[in-house]
Amino acid sequence: MKPLHARFPRLGLERKFVLSAAGTVVVALALTSVGLLVHEYRSLRYEMPRAIGGVADLLAHNCAAPLAFHDPEAASEALESIVSMPEIHAAWVTTPDGVPFAVYGASGGEPPPIEIMGASRYLYDAQSLFVAAPVILASERIGTVYLQASLDQFWDRIFFGAAVIVVIAASSFLISSYLASRLFRILTTPLLRLNDTMRAVSRRNDYSLRAPDFTVQDEIGQLIAGFNSMLDRIEERDADIRRGRVILEKILAGTSPLTGDDFCRRLAQLLGELLEVEAVAVWEIPEASESRGRLCGAWCRDERIWPKEWSTRGTMFERILQARIPIFLKDARTRYEEDPVLQVFGEQDGFAVPLVTGANEALGAIVLFRTGPVEDRTFLESIVTIFAARTAAELERMRTERLKNEFLGMVSHEIRTPLAILQVTSEGFAMTEDGSSIDATDEKRRKLAEIWKRNLKRLTSVIRNLLDLSRLESDAVQLNREEFDVAVTASHVVENFAVSSRDQEIALRLESDPGEIRMRGDEELMTQVLTNLIDNALRFARARIRVAVMRGENRGVRIEVWNDGPEVPEHERAAIFDKFHQARRPVGGKGYKGVGLGLAICRRDVELHGGTIEAENFDGGVRFVVSVPDLEAQENMQAPRQLSAAVGSS
């Protein structure tokens, strides 16, 4: 059942209150009156037959002698004694066989037959009550007296009672409505003032307003106190937001041109000065050491010396890296008494916020100390958390930069080594073992040529990947849209690896659907995808590589490159497509070690075609699945979306 405020949503609170109070009074009064009316009805139904029955018994006694002496006139005179009772308008005296012996006021009517009344002395019809009394003489029934009483007085009393109930209910409704209205104004004045305050706060956005305090201790007083307390917290939060906006703007302006450790040092200084704390430090865990912490930047009001590097094992920093949630130093101090950072600042309170990347990797933490308890914990934590994300991104960028520098150093070495070997072996064509210049034998030339070929292949691969990396980072790739047969392209690529696979004793097989498998796209990029996938398979395969080309959805193609090398762990399947990522090669692997760019280039080329590339463990090895839609079909599918977007924006 719906409550009153839901049934009448547009009624004011006062009207709802009055209706509820008055309705309750009327319903209670009506139920009481109906109960009294029912009681009156039952009482009349019981008392009237008793009264009329007593008169009938008296008449039966008086008519015994007339019936015995067959004197109808005496019996009639006995019946006329009821003339003083106007509710009895007919009477009969009958013989035992039901024949009328004497009649009073019956207007020619007859009493009801004895068989109709049966054993009961009383019989009701719509307008009358019939009462029978036996005439007994010497223990023998010699006749019956019948009385007929009108029910008009009975119904008059019932209807009068009902009318009284209606009048009382109406009067009660009016009186209770008036009293409820007066009582409502007394009780709800604080609520109305509270409502006015709420409207003013909403309209003016002024959280300094407060509802009047009526110093009452009931639920209304508690509501007003709770509302004012809520405004206090909102006002404090609003002030924190304004203060936080100013702090954010100053920190962003002060750190935007900086990078690396300079950014961390400047961030620590600005956080310490603007948040009015004692000390701030930014530290990280270098990628090469997961148990050593390094100080990137620090600021302190006094001359305390921060440890530049320390072991994180058994310290609060180990807990931060594991839980990836902020911790309070007060809680950590009792557990990590030997922590070198906590020892520097003694009993000072504070908290530490982890530096977590978008990939949920913890790189370090920002630690903040202040004198006294941290009362504005939420505000300080929110400010530090914002810049924790920015700092984590900067540390991640620094790591990437270091990886890039290491990569360039490794590539430089990889280029110099095969070039030096080529230089030395090239001199072998023209010199003997003692250094004299003579013609080399055919066997010696074959071996030297084999060394040349192998190292030239390494050099070519490194240079090609360097060029592809430069192209990926410059984002200057333009698709050359042309129609070509992917099966033919795949066969050419497989032919290019025929010698390499044979030298490594690996069976390389190509499978394709019958007929041409044509698509519209960039044949050069698709050739590069196939080349990198097969080249990657040769590094890990034990004995078999299978390349399959088949028709895909939307007039596209599906390419599968499978090798029987070791399976890829589930947590590493997405990472193998990242730049510079190198999976572990099997012991005794036959291929040369790459630089971790081939699969990243494959993903970029496939995504430029609007396709996908995935790695999965299949049939005891690893299968790379490439799904590329036809460029023309893809454009036809996107055209209605672009047209719809253009119409919607116009």
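Things worth noting here:
- Heavy-atom SASA rank of 146, 104 (probe 1.4 Å, accessible area, largest first): 104, 146
- Global form of region 482-528, assessed from the alpha-carbon gyration tensor, a/c cut-off 1.5: oblate
- DSSP-loop chymotrypsin sites (Phe, Trp or Tyr not before Pro) across region 173-261, with at most 16 other Cβ within 10 angstrom: 214
The values are calculated or read from the model by the stated rules, or taken from the named source; none is laboratory data. In this text the structure is predicted, and so the values were computed from the model without any measurement. Note that we place each Cβ from the backbone using ideal geometry, even for glycine, and neighbour counts take in every protein chain shown. Ligands, DNA and RNA are excluded from the accessible area calculation, which covers all protein heavy atoms including side chains. Shrake-Rupley method; radii C 1.70, N 1.55, O 1.52, S 1.80 Å.
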